[in-house]
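Each remark here refers to the structure printed beneath this line.
The values are calculated or read from the model by the stated rules, or taken from the named source; none is laboratory data. Keep in mind that what you see is a predicted model, and the values were worked out from it rather than measured. Cβ: placed from backbone, ideal geometry, glycine included. Neighbour counts: every protein chain shown. In case anyone asks, the SASA skips ligands and DNA or RNA and just uses the protein heavy atoms, side chains included. Shrake-Rupley method; radii C 1.70, N 1.55, O 1.52, S 1.80 Å.
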Amino acid sequence: MHIHNLSQQNSILNSFISEIRDVDIQKDRMRFRRNIERIGEILCYEMSKTLDYKSEIITTPLGKKNTELFNDDIVLCSILRAGVPLHSGLLNYFDDAENAFISAYRHHKDNPETFEIIVEYLACPCLEGKTLVLADPMLATGQSMVATFEALKPFGKPKNIHLVSVIGAQDGVDYVNEHFGKDTHLWIAAIDETLSDKGYIVPGLGDAGDLAFGEKLQQ
Ligand code: URA
C-alpha cells in the first residue's frame, strides 16, 4: 500500500489538525466540522495528482486552451455518522462523484474493551471499473475500513482504491496495509502513536462523531 502521511511535510494542514485536536476549539462544533471538511479538501487535492487525466480543448471567449482534466469515475464512500464532514470536503472538489454511504458501528458485547463491527445500512452505486475513495476520519483499529470494503464487494471491482483518513493510529494503518492490495493508496493527515484500551486514538482528538454532531446515548 502507498501511505501518504501529509503531516510529514509542514503545511497549513497542521493548523487545521491542531484545531480539531484542541479541547477548547473543539467546543465550537461548526468549526470542528469545517476543519474536517478543509482537511478533506486538502487530502482530495493531493490525491487528485495520482488520478488519470485526458486532454480536452476548452473554449474561452478569446480562444481555445488545451487542458489536462481528470478522467476517473469517482465513487466516494463514507461511514456514518462521523464520516459526513469528511465526505463533504471530498465532494467539494470531486463535483460529479457518485456517493455511497454505509453505517458501521462498534458493538461491545460483555467486555467494554472488545467489540465487533456491525454493518447495517448500505447505499452504493456500481463500482465496476471506477475509482473508489473510501473515507473514514478516524483510522483507529482499521476494522471499520476493512468491514466496509468487504460489504462493498458485491457492487463490483473498482479500478483503483484510495483510503482517506484524518487521524490514524499506527495499529490501524498497519491493519489496512495488511488487508488492502499493494496498489491501494492511503491519504492521511496525521498518524498517532497508540490506541487506548477502548480503541480510541491517543492523543487523537476524542470521538469525532460526537464532536461533529453532539453526544449520543450509549446503546
Ligand atoms: N473513532 C473516533 O471518533 N475517535 C477515535 O479515536 C477512534 C475512533
Normalised per residue, the volume inside the convex hull of the alpha-carbon atoms of the stretch 101-165 in Å³ amounts to 76
Stretched fully, the stretch from Tyr200 through Asp110 gains (0.36 nm per residue minus C-alpha distance, one decimal, in nm) 30.6 nm
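By accessible area of protein heavy atoms, probe 1.4 Å, what ranking do Ser55, Ser103 get, highest first? Display every interim value, and only then the final one.
Numbers: Ser55 65, Ser103 20 Å².
My answer, sorted largest first, is Ser55, Ser103.
For the stretch 1-129, take N as its residue count and report Rg(C-alpha) divided by 2.2 N^0.38 Å.
Working: Rg = 18.8 Å, N = 129, 2.2 N^0.38 = 13.9 Å.
This ratio for the stretch 1-129 stands at 1.35.
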Largest fluctuation, Gly204, Gly156, Gly89 only, Gaussian network model of the chain with Cα springs under 10 angstrom, belongs to Gly156
So the angle from the long Cα axis of helix 170-179 to the longest Cα principal axis of the chain, reported in degrees to the nearest 10, equals 60
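Under a Cβ-Cβ cut-off of 15 Å, what is the net charge of the residues other than Cys124 that fall near it, where Lys and Arg count +1 and Asp and Glu count -1? Could you put the intermediate results ahead of the total?
Details: positive: Lys130, Lys153, Lys157; negative: Asp73, Glu98, Glu120, Glu128, Glu150.
Computed value for this residue: -2.
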Once both label points are put 7 Å beyond Cα along the C-beta direction, the Leu80-Thr67 separation in nm becomes 3.6
In Å, the Kirkwood hydrodynamic radius from C-alpha pairs for the chain sits at 18.0
Computed for the chain: size of charge dipole around the Cα centre, +1 on C-beta of each Lys and Arg, -1 on C-beta of each Asp and Glu, debye to nearest 20, value 520
Distance in nm between Tyr121 and Met1 label points, each 7 Å along Cα→Cβ, equals 2.6
Residue-ordered couplings for the stretch 7-17, obtained by feeding phi - 60° into the Karplus form 6.51 cos²θ - 1.76 cosθ + 1.60 and rounding to whole Hz (Gly and Pro as x), are 6, 5, 10, 5, 7, 5, 3, 4, 5, 5, 5
With label points set 7 Å from each Cα along the Cα-to-Cβ direction at Tyr93 and Lys153, the distance between them in nm comes to 3.1
If each part is reduced to its alpha-carbon centroid, the stretch 138-184 and the stretch 43-88 end up apart, in Å, by 21
Here FRET efficiency (C-beta to C-beta, Asn177 to Asp210, R₀ 35 Å, nearest 0.05) is 0.80
